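In what follows, a structure is listed as structure tokens, so that the remarks can point back to it.
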Amino acid sequence: HLKFYIDGQWVDPIGTATLDVINPATEESIGRIAMGNAEDVNRAVAAARRAFET
């Protein structure tokens, strides 16, 4: 999945790095996920703080 669920919506990550998800039994790639960076984390933390305060 190449988006993050932040503040009630699916958003594109700020960074562009991805990681292949590997099936350990077959060593095949079964998917790809977005790798968050510090800005992505800050955006998620800010959303969590707003939600906690309400």
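Values quoted throughout were computed directly from the atomic coordinates according to the rules given, and no laboratory measurement underlies them. Just so we're clear, the structure is a prediction, and the values are computed from it rather than from any experiment. A quick note on method: Cβ atoms are made from the backbone with ideal geometry, for glycine too, and the neighbour counts reach across all protein chains shown.
Data table
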{"read-out": "Enumeration of residues in the stretch 9-23 that are outside any loop (DSSP other than H, G, I, E, B), surrounded by 10 or more Cβ atoms within 10 Å (Cβ to Cβ) and free of Cβ contacts under 8 Å to residues at least 12 places away in the same chain", "value": "Trp10, Ile22"}
{"read-out": "Any hit, the stretch 35-53, residues being assigned to a strand (DSSP E or B) and touching a Leu at 6+ places or on another chain (Cβ under 7 Å)", "value": "no"}
{"read-out": "Qualifying positions in the stretch 30-40 - over 10 Å from Gly15 (Cβ atoms) and either basic (Lys, Arg) or surrounded by 11 or more Cβ atoms within 10 Å (Cβ to Cβ) (or both)", "value": "Gly31, Arg32, Ile33"}
